[in-house]
Amino acid sequence: MNKLLLINAVACVLLPPFLAAMPPVLKNPGIPAEESFEIADFIDKETGYLTAKVNIKLVERSGAKRYAVTVTEGDLFLNEIELNYDDLTTVSERRTDLKTGTVVESFVNKGNHTVHFFNKEKKIDKDFKAEDGNIYSRYAYLVSLRGFPFAERKAVSFKTYMFEYGDALTMNLLNCSKETVTVTAGTFECYKLELSVGGWQSVLAADKYYFYLTVAAPHRFIKYAEQEDGTWNTSQLQKLGK
């Protein structure tokens, strides 16, 4: 989702990030073996809203359980992501331009503290050293952020690879409050999570992004909100499937 999951390009800086070793901080809250939902997704002022369809399916790869996640952004993009079952970290992701059939971005965790990141626009196609496996794709935030340890911690930090930055960026996630939220799909009691850029890069990327997830497990996605040019843009749950 371009706007939904795009961290401001102001985060593009010249110095490499500090890669402090961190264990995975999210954990599976009981996401079922199959799940689907649709979102009224705000892309940008020119495009407006489109319907994003999210499908989750539990699969087995080399004896390990993983979630295969697809996010279809109207007729614009298809995101295909695999997540580890226990901690919802990203194993791989591929973003395809549906109009041209071209892969525009991909990520693969190769193990041994090595990941491969590709982005067509920025001509990035290289291996990076990753000191930990605490990596979460922004194209799967609607699924992986549901693993926030609500009963145990107030805030966590993790890494996300971004083409604007050309490497991994530290992201901070804060559990702000509980709120009752009404969207097209209904009214839900939600946790409000605040996502922001961490570390010294936060000076250059000070924007905040808000995810609303149900208090009831498995903490389904309900709403996303961000502010641009003084205007709040939101994406919200439109239809709940399985």
**Complete:** Thr187 vs (1) closer than 25 Å to Ala33 by Cα; (2) surrounded by fewer than 17 Cβ atoms within 10 Å (Cβ to Cβ); (3) within 20 Å of the chain's Cα centre (by Cα): all pass except (3)
**Asked** Which of the residues belonging to the stretch 39-62 are touching a Lys or Arg at 6+ places or on another chain (Cβ under 6 Å) and either free of Cβ contacts under 8 Å to residues at least 24 places away in the same chain or not in a strand (DSSP E or B) (or both)?
**Response** Val59
**Fill in**
Per the filter on the stretch 119-136, residues under 20 Å from the mean Cα position of the chain (by Cα) and touching a residue at least 60 places away in the same chain (Cβ under 8 Å) are Ala130, Asp132, Gly133, Asn134, Tyr136
**Scan of the stretch 141-155 for residues that are buried (at least 22 other Cβ atoms within 10 Å of the Cβ) and part of a loop (DSSP other than H, G, I, E, B), ordered by number** = Phe148
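Just for the stretch 102-140: of the residues that are aliphatic (A, V, I, L, M) and surrounded by fewer than 19 Cβ atoms within 10 Å (Cβ to Cβ), which one is nearest to Leu26 (Cα to Cα)?
Filtering the stretch 102-140 down to residues aliphatic (A, V, I, L, M) leaves 103-104, 108, 115, 124, 130, 135, 140.
When the remaining residues are screened for being surrounded by fewer than 19 Cβ atoms within 10 Å (Cβ to Cβ), the result is 103-104, 108, 124.
Values: Val103: 28, Val104: 27, Val108: 19, Ile124: 28 Å.
In this case the residue turns out to be Val108.
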**Asked** In the stretch 156-192, how many residues are not in a strand (DSSP E or B) and not aliphatic (A, V, I, L, M)?
**Response** 5
**Asked** If Arg95 passes every condition in (1) surrounded by fewer than 22 Cβ atoms within 10 Å (Cβ to Cβ); (2) of a type in the set (Lys, Arg); (3) modelled with pLDDT of 95 or more but one, which one does it miss?
**Response** (1)
**Request:** Only residues that are touching a residue at least 40 places away in the same chain (Cβ under 8 Å) and either of a type outside the set (Val, Ile, Thr) or outside any strand (DSSP E or B) (or both): list them for the stretch 63-79, please.
**Result:** Tyr67, Glu73, Leu76, Phe77, Asn79
**Asked** Which of the following residues is of a type in the set (A, V, I, L, M, F, W, C), over 18 Å from Arg138 (Cα atoms) and at pLDDT 95 or above: Leu50, Leu83, Leu58, Leu78?
**Response** Leu58
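The values are calculated or read from the model by the stated rules, or taken from the named source; none is laboratory data. These numbers were taken from a predicted model, which means no experiment stands behind them. Because the Cβ atoms are built from the backbone with ideal geometry, glycine has one as well, and the counts that use them run over all protein chains shown.
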